[in-house]
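Presented below is the structure to which this report refers.
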């Protein structure tokens, strides 16, 4: 029997999570997460030819390993083949690295069945240097999910980008009008995510720039730098049936998945006797996957309470915050 989609109403939001796209502009999945092509400069992140890497599948414990690049001929120009060898030698359970056949990039894939692996995170300065999460161009910490399900969110605006209807007329000598009507079109969305608290990890993910986690300093991207990181956003909001009358009586959750998004932090004035809020002005556009299939800017879905709980969104963890304390082995 199909899911009952109608006769429900949304109240506020439960929260959202966000992750950068792959370096080729596709959505990262456990079955395909890709990094650099050609060569990568790892000299700044390697210490005695080694560096830690953290990988997390779903809400499972973080897997921490030290990756050894001592067999690479030149650490300033590590090839994809050399990276594949070093990463596979690190022996991450249930993960295999190879060369992506379509792009020639470094590719990782989870070997457990697809239905069991839903999310992937690859985090550390080494992950960024390998271009996971577009780290070579836009820096960051790699391919990380940032999750906000503990009342951090004030609001999420979801205005549509609509191209207005057009009418084109031609008139004959005697005044007869022939009209062509081009209907209005939805081209995407312009989300505005407003947060209660300042979060430099989220800002780095969205804008790029340089965040020094040791000193706590952040520098936004230079004005002359072209482009900005692209990322996906997944929003979950409780839905209520007609007879619900308390906050806990939700019947399920609305899931809105924005496939390809860019954004910047908005103005944050310092006002008298006022709490600051931090808004990120974003733009979600159409998306093309690794197989060349074109998809709309967003997808909507109703989830039952059980389906939402199975995602374990609060257990993904923001693993980069504990990076310095993690012990690789």
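The values are calculated or read from the model by the stated rules, or taken from the named source; none is laboratory data. The structure displayed is predicted, hence computed values, not measured ones. Glycine gets a Cβ as well: all are built from the backbone with ideal geometry, and neighbour counts include every protein chain shown.
Going by the conditions given, is residue 108 more than 15 Å from residue 201 (Cβ to Cβ), touching a helix residue (DSSP H, G or I) at 6+ places or on another chain (Cβ under 8 Å) and crowded, with 23+ Cβ neighbours inside 10 Å? Taking the combined requirement at face value, the residue satisfies it.
Within the stretch 236-261, track down each residue that is surrounded by fewer than 17 Cβ atoms within 10 Å (Cβ to Cβ) and under 16 Å from residue 156 (Cβ atoms). Within the stretch 236-261, 257 is the sole residue that qualifies.
Assess whether residue 42 counts as being crowded, with 21+ Cβ neighbours inside 10 Å, over 14 Å from residue 131 (Cα atoms) and touching a helix residue (DSSP H, G or I) at 6+ places or on another chain (Cβ under 8 Å). Against the criterion (crowded, with 21+ Cβ neighbours inside 10 Å, over 14 Å from residue 131 (Cα atoms) and touching a helix residue (DSSP H, G or I) at 6+ places or on another chain (Cβ under 8 Å)), residue 42 does not qualify.
Hey, among the residues in the stretch 61-97 that are surrounded by 14 or more Cβ atoms within 10 Å (Cβ to Cβ) and in a loop (DSSP other than H, G, I, E, B), which one's nearest to the chain's Cα centre (by Cα)? Restricting to residues being surrounded by 14 or more Cβ atoms within 10 Å (Cβ to Cβ) and in a loop (DSSP other than H, G, I, E, B), the top hit is 62. Checking each residue in the stretch 122-146 for being in contact with a helix residue (DSSP H, G or I) (Cβ under 6 Å, 6 or more places away or on another chain) and either part of a strand (DSSP E or B) or surrounded by fewer than 23 Cβ atoms within 10 Å (Cβ to Cβ) (or both) picks out 123, 142, 146. Just to be sure, is residue 102 farther than 30 Å from residue 307 by Cα, at pLDDT below 95 and either touching a strand residue (DSSP E or B) at 6+ places or on another chain (Cβ under 9 Å) or in a loop (DSSP other than H, G, I, E, B) (or both)? The answer is yes for residue 102.
Kindly indicate whether any position in the stretch 278-289 is touching a strand residue (DSSP E or B) at 6+ places or on another chain (Cβ under 8 Å), over 19 Å from residue 233 (Cβ atoms) and in contact (Cβ under 8 Å) with a residue 12 or more places away in the chain. No; the residues of the stretch 278-289 include none that is touching a strand residue (DSSP E or B) at 6+ places or on another chain (Cβ under 8 Å), over 19 Å from residue 233 (Cβ atoms) and in contact (Cβ under 8 Å) with a residue 12 or more places away in the chain.
Figure legend. Inter-residue proximity from the stretch 172-198: first residues outside any strand (DSSP E or B), second residues modelled with pLDDT under 95 and surrounded by fewer than 14 Cβ atoms within 10 Å (Cβ to Cβ), beta-carbon distance below 6 Å, spacing 6+ or different chains. Indicated pairs: 183/165; 184/162; 184/164; 184/165.
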